[in-house]
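Here's the structure we're looking at; comments come further down.
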Amino acid sequence: MVQQLPALIYPDSDGQPMADNTKQFRWIVVIKENLELLFAAIADVFVAGDLLWYPIEGDNKTRQAPDAMVVFGRPKGDRGSYKQWEEDNIPPQVVFEILSPGNRLKGIAQKLKFYERYGVEEYYIYDPDGVELIGWLRSGEELEIIEEMNGWVSPRLGVRFQLTSDNLEIFSPSGERFLTYVELAQLREQERQRAEQERQRADEALTQLEQERQRADEALSQLEQERQRYQALEALLRERGINPE
């Protein structure tokens with residue numbers, strides 16, 4: 001009797017923290033959540049943050065967990081990990097990594113080699129401390145460095161990267177800047193206040209129109225009363241044999 005081997009386990013966690021500090025974590029969340037918003041209406045674009053990606057079936061050692069990744073051609077939904085063979089063998093096309101002071105050149109080089117080997121089309125690394133953005137774009141079997149990142153537009157995402165002296169700004173294809181959760185909440189509150197002000201102005205305009213209608217009704221009523229008095233006077237004059245004309 002052939003003994004059946006136990007099923008291979010693909011852990012959902014590599015035991016590593018998502019981020020080493022608040023700045024790194026904030027950038028991971030900003031990029032991941034804004035990409036979610038960007039593709040919210042497209043059913044077959046999957047966006048994830050810090051999700052283990054296993055490219056090879058039967059190998060649970062070869063894996064990476066990009067800080068953010070985008071997969072075109074795969075449905076949205078929760079996953080414990082991204083097992084490529086269960087996803088029509090489609091690799092993430094775009095990945096982001098946010099550097100922290102603890103990152104080492106060896107680790108960065110290993111990730112670049114991994115992403116190059118397993119089909120990533122665009123790879124971006126951002127160092128928030130040094131305000132430095134590096135990008136690679138696939139050319140054949142290789143990822144080639146993008147010479148100028150300031151003003152670069154991602155071919156897959158359509159987003160534009162803009163570097164200032166102290167910050168990175170990312171803009172959607174429609175020109176809207178990627179915002180933090182706090183900025184988004186503040187923007188929603190501003191929109192709510194504007195909507196409330198518009199409602200109040202509309203209510204005031206309706207009140208003014210109602211007052212104008214009431215004044216018009218009063219004026220018509222006065223005219224009617226004047227007409228009735230004039231008719232009564234005419235009738236009285238005729239009774240006395242006087243032609244009112």
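Bear in mind that the values in this text are calculations on the coordinates, not laboratory data. Just so it is clear, the model here is predicted, and its values are computed rather than measured. Note: ideal-geometry Cβ built from the backbone for every residue, glycine included; neighbour counts use all protein chains shown.
When the dipole is taken about the Cα centre of the range 180-245, and only Lys, Arg (+1) and Asp, Glu (-1) are charged at their Cβ, what size is it in debye, to the nearest 20? Mind showing how you got there, number by number?
Values: 11 positive and 16 negative charges, 30 e Å.
With Lys and Arg at +1 and Asp and Glu at -1, about 140 debye.
Summarising the label geometry, the points placed 7 Å from Cα in the beta-carbon direction at Ser172 and Asp78 lie 2.6 nm from one another.
Evaluate the charge dipole of the chain about its Cα centre and quote only its size in Debye, nearest 20, assuming +1 on the Cβ of each Lys and Arg and -1 on the Cβ of each Asp and Glu. Numbers along the way, then the final one.
Working: 29 positive and 45 negative charges, 67 e Å.
The calculated dipole for the chain is roughly 320 debye.
Distance between the pseudo-spin-label points of Arg201 and Glu144 (7 Å out from Cα toward the beta carbon): 5.3 nm. Applying 1/(1 + (r/R0)^6) with r as the Cβ-Cβ distance of Ala109 and Ala185 and R0 = 30 angstrom yields a FRET efficiency of 0.20. Please list log₁₀ I(q)/I(0) at q = 0.15, 0.16 Å⁻¹ for the range 119-245, using the Debye equation with identical point scatterers on the alpha-carbon positions. Those come out to -0.88, -0.93, one per q.
Just the Kirkwood number for the range 22-178, please: inverse of mean 1/r across all distinct Cα pairs, in Å, one decimal.
Evaluated on the range 22-178, it is 16.0 Å.
When peptides 198-211, 69-82 are ranked by their average number of other Cβ atoms within 10 Å per residue, the highest-first order is 69-82, 198-211.
A helix-only calculation puts the chain at -13000 deg cm²/dmol for mean residue ellipticity at 222 nm, using -39500 (n - 2.57) for each DSSP H run of at least four residues, averaged over all residues.
For Glu218 and Ala232, the difference between the fully extended length at 0.36 nm per residue and the C-alpha to C-alpha distance is 2.9 nm. Per the Debye calculation on the range 1-108 with a single equal scatterer at every Cα and no solvent contribution, log₁₀ I(q)/I(0) for q = 0.16, 0.19, 0.23 Å⁻¹ amounts to -0.77, -1.02, -1.34. Over 20 Å apart at the Cα level, from the set Lys61/Lys106; Lys61/Lys113; Lys32/Lys61; Lys32/Lys106; Lys76/Lys113, are Lys32/Lys61; Lys32/Lys106; Lys76/Lys113. Stokes-Einstein, applied to the Kirkwood radius of the range 180-245 over Cα pairs at a viscosity of 0.692 mPa s and 37 °C, places its translational diffusion at 196 µm² s⁻¹.
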